[in-house]
């Protein structure tokens, strides 16, 4: 008992002495606070990218990310991408469910600051409310006019459908171009992008005196268009406006060729997924004489455009398309907004983005209108000898 009590006294004395010493020296021995600068914290950006289509969107964004990081990042912080696939089955369309899940994972689990994508309008409309509710700036690769209606954190990058439709309608009726008086339109069932763009084309075409003689649709994954094309053939339109994507549209045009229908095809910006669009048919010569719009032309000689083209080709060994340009501009514009805001405050960055003026990157944007649509020029491409060629630029 005596030994235990003595031991207890010794321990108490030692502890007391230690406290006394630490108390006297606390200024000198205190562990300094964590002063690690924010500069070492990466800015995490979520990318929603289909694995099997429109893949140049994320490649364009990656080109911009590398450029930005090589030049010091944003506010001294490096940019990090975290990508999620919203096209789980190759050969099938991206899905709304996988797009929603991708957005939730990026925001809730990865805590990304902003979202690049989705590429397609139907999916972007589903993801927009999630970005809005969580105050994440969202820059999709889509052109659907209603996409930004999901909230004021959502901005289009590419040329919006109303302007695309107006330009292609004017181009069709211009006597110095096609001189069409009648048109048929074809859209993909359930696809917000092609439905929206067909409506824009029809409205503009009829406003300037043209006549839409037939409007029809096809289902996703449809391979035979006999009934639809028979109805159109009976109307003998001057042009067919069919802004959908691959694989259906090239197959549809090929079937028109086999029917011997003499008509000029006009497309939409979805055609600019060039590698895949031109990879469906064995002979792309049947696509010759078609025209489609894009917000980018590799032929533009502006120094900023050529810097993008050169850096992209160095990374991917192929020229960029309009989808790549949208990804590139999305990342460059996001970085510019963060720098302008001077912080990662979501409201400040959103407001800085909305105030964009005279941007020049892969494409040029004069400003954003009240619908959060970019005001920008449009390039028209044509297909000749089975290859895409630049045709002309149309200013807004």
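The values are calculated or read from the model by the stated rules, or taken from the named source; none is laboratory data. Bear in mind the structure is a predicted one, so any value in this text is a computation, not a measurement. Backbone-built Cβ (ideal geometry, glycine too); neighbour counts: all protein chains shown.
Residue-by-condition table, conditions (1) crowded, with 17+ Cβ neighbours inside 10 Å; (2) more than 11 Å from residue 48 (Cβ to Cβ):
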residue: 74; (1), (2): yes, yes
residue: 79; (1), (2): yes, yes
residue: 85; (1), (2): no, no
residue: 92; (1), (2): no, yes
residue: 95; (1), (2): yes, yes
residue: 100; (1), (2): yes, no
residue: 109; (1), (2): no, yes
residue: 112; (1), (2): yes, no
Residue that is surrounded by the fewest Cβ atoms within 10 Å (Cβ to Cβ) [pool: residues in the range 364-396 that are outside any strand (DSSP E or B) and at pLDDT 95 or above]: 370
Residues of the range 171-193 satisfying the condition of being touching a helix residue (DSSP H, G or I) at 6+ places or on another chain (Cβ under 8 Å), within 13 Å of residue 291 (Cα to Cα) and in contact (Cβ under 8 Å) with a residue 40 or more places away in the chain: 172, 178
Complete set of residues in the range 120-145 that are over 23 Å from residue 355 (Cβ atoms) and touching a strand residue (DSSP E or B) at 6+ places or on another chain (Cβ under 8 Å): 123, 127
Those residues of the range 326-353 which are under 13 Å from residue 114 (Cβ atoms), in contact with a helix residue (DSSP H, G or I) (Cβ under 9 Å, 6 or more places away or on another chain) and not in a helix (DSSP H, G or I), in sequence order: 344
Any hit, the range 319-337, residues being assigned by TED's automatic domain parsing to the domain that holds residue 112, surrounded by fewer than 19 Cβ atoms within 10 Å (Cβ to Cβ) and out of contact with any strand residue (DSSP E or B) (no Cβ under 9 Å at 6 or more places or on another chain): yes
Output for the range 272-314, where each listed residue is part of a helix (DSSP H, G or I), closer than 24 Å to residue 93 by Cα and without any contact (Cβ under 8 Å) to a residue 40 or more places away in the chain: 277
Hits in the range 117-135 (condition: surrounded by fewer than 24 Cβ atoms within 10 Å (Cβ to Cβ) and either assigned to a loop (DSSP other than H, G, I, E, B) or free of Cβ contacts under 8 Å to residues at least 24 places away in the same chain (or both)): 129, 132, 133, 134, 135
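Yes/no per residue for (1) out of contact with any strand residue (DSSP E or B) (no Cβ under 9 Å at 6 or more places or on another chain); (2) within 22 Å of residue 130 (Cα to Cα):
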position	(1), (2)
42	no, no
49	no, yes
60	yes, no
65	no, no
68	no, no
73	no, no
76	yes, no
84	no, yes
